[in-house]
Amino acid sequence: MNVGGRHYRSIWPLIASGGARAVGIVDQTRLPFEFVTVELDSWTKVATAIRSMQVRGAPLIGVAGAYGLALAMSENDDDTTLARAHSELAATRPTAVNLRWALDRMQALLRRTPHVQRAQSAWIEAGRIAEEDVACNRALGAHGARLIAAKHAARQRTVHVLTHCNAGWIAAVDFGTALSAIYQAFDDGVDLHVWVDETRPRNQGLLTAWELAAHGVPHTLIVDNAGGHLMRRGKVDLVLVGADRVTRTGDVCNKIGTYLKAVAARDNDVPFYAVVPSATIDWTIVDADAQIEIEERNADEVRRLHGVDTEGRAASIVVAQVETKVANPAFDITPARLVTGIVTERGIAPPNALAALFSEEERATA
């Protein structure tokens with residue numbers, strides 16, 4: 001996507017100032033007020049970037065993990081380093097399946113690669129995973145855009161789409177997932193408007209608003225609890241979200257608050273879709289509530305608000321006393337019965353027919 005007239009991806013390989021290989025990232029903790037890029041020249045720095053959410057979004061952290069293993073193999077190509085880097089990178093964000101998927105794919109390749117070739121093979125494979133993500137997100141966005149266009153054709157007025165969290169290019173390598181559909185529909189001339197949930201406590205909706213503004217897409221930022229009210233007033237035509245993990249039966253694990261949007265959407269006959277690449281589908285999960293680990297994040301994310309002061313300087317304020325007990329689950333699970341459909345690069349399917357889009361071999365090896 002373009003930022004200030006220049007094309008960026010959210011992650012890219014580079015040669016650092018000292019001549020060693022590294023990866024560049026957009027530091028998402030500085031957005032939307034500052035656009036800052038950072039060089040990561042070790043796999044431990046990649047792990048820190050994922051854990052601290054300098055890089056975030058299920059597709060992106062998968063690619064970041066792959067590049068992390070490439071950096072590890074550049075440092076030391078032995079089996080001990082491979083196993084340690086794989087384990088520690090996987091532990092940084094336990095809920096999103098893309099991270100484990102990419103790390104397992106890299107590890108399987110590298111274990112059967114001669115040590116002397118591991119670094120080169122790792123960089124090639126990480127780059128391949130990144131390019132696959134871009135192609136996949138472009139394709140799934142095209143399918144999602146048709147949903148928006150169909151709504152416009154039926155209603156003959158502005159289509160109002162509600163989003164939750166950030167599922168844009170900054171959460172993937174490029175294009176994004178749910179926002180890829182919005183971008184492509186908008187570029188095709190569909191008259192649309194986006195309701196953007198702020199998505200407490202990390203306020204990823206501010207990243208969505210920043211992205212949409214850069215692309216020229218009409219949008220309005222709302223507090224998380226406004227979505228149900230807007231649906232009851234007939235002001236939402238479609239809910240599009242991304243996901244961090246989708247089960248074989250179509251249950252959707254996504255940013256905390258997604259479930260409430262799905263409940264409100266069902267009560268008001270508003271279609272609810274999750275837009276995901278196939279790497280987000282975990283074919284091994286049969287019981288989402290029992291098998292998906294819900295990440296519990298630091299209480300300070302709830303206790304403190306971060307932004308800028310009236311002079312544009314970074315600032316942080318405390319909104320809850322330190323004595324106040326805080327729970328901060330980062331994700332929730334929306335059962336398949338509340339999901340209208342799953343949009344993937346292969347097409348759109350009802351949640352109970354998701355497997356029909358993929359061969360038995362693809363499901364077994366994913």
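Descriptive notes on the structure:
- Every residue from the range 233-260 that is crowded, with 22+ Cβ neighbours inside 10 Å, among the hydrophobic types (A, V, I, L, M, F, W, C) and within 23 Å of residue 96 (Cβ to Cβ): 239, 240, 241, 243, 246, 252, 253
- In the range 318-346, the residues that are polar (S, T, N, Q) and touching a residue at least 60 places away in the same chain (Cβ under 8 Å): 328, 334, 340, 344
- The helices (runs of 4 or more DSSP H) located wholly in the range 160-253 include none with 2 or more residues which are polar (S, T, N, Q), under 13 Å from the mean Cα position of the chain (by Cα) and modelled with pLDDT of 95 or more.
- Members of the range 57-88 found to be in a loop (DSSP other than H, G, I, E, B) and more than 28 Å from residue 168 (Cβ to Cβ), listed by number: 76, 77, 78
- Residues located in the range 22-54, provided they are among the charged types (D, E, K, R), under 25 Å from residue 305 (Cα atoms) and part of a loop (DSSP other than H, G, I, E, B): 27, 34
- Every listed requirement among (1) under 26 Å from residue 253 (Cα atoms); (2) at pLDDT 95 or above is met by residue 81 save one, (1).
- Scanning the range 7-21 for residues that are touching a residue at least 60 places away in the same chain (Cβ under 8 Å) and assigned to a loop (DSSP other than H, G, I, E, B) turns up 9, 10.
- Those residues of the range 210-232 which are of a type in the set (A, V, I, L, M, F, W, C) and crowded, with 22+ Cβ neighbours inside 10 Å, in sequence order: 212, 231
- Criterion applied to 38, 46, 26, 55 was being in contact (Cβ under 8 Å) with a residue 60 or more places away in the chain and not acidic (Asp, Glu), and the one residue passing it is 26.
- In the range 79-116, the residues that are under 22 Å from residue 293 (Cα atoms), in contact with a His (Cβ under 9 Å, 6 or more places away or on another chain) and either without any contact (Cβ under 8 Å) to a residue 24 or more places away in the chain or surrounded by 23 or more Cβ atoms within 10 Å (Cβ to Cβ) (or both): 104
- Filtering 311, 293 for residues that are among the acidic types (Asp, Glu), within 28 Å of residue 137 (Cβ to Cβ) and not assigned by TED's automatic domain parsing to the domain that holds residue 91 leaves a single hit, 293.
- Criterion applied to 315, 274 was being in contact (Cβ under 8 Å) with a residue 12 or more places away in the chain and in contact with a Gly (Cβ under 8 Å, 6 or more places away or on another chain), and the one residue passing it is 274.
- Tabulated pairs, the range 179-208, first farther than 15 Å from residue 273 by Cβ, second in a helix (DSSP H, G or I) and of a type in the set (Lys, Arg), C-beta under 9 angstrom, 6+ apart or interchain: 190/151; 197/261; 201/303
- When we screen 365, 324, 334 for residues that are among the β-branched types (Val, Ile, Thr) and within 15 Å of residue 249 (Cα to Cα), the only hit is 334.
The values are calculated or read from the model by the stated rules, or taken from the named source; none is laboratory data. This structure is a prediction, so every number in the text was calculated from the model and none was measured. Here Cβ is always computed from backbone atoms with ideal geometry, including for glycine, and neighbour counts include all displayed protein chains.
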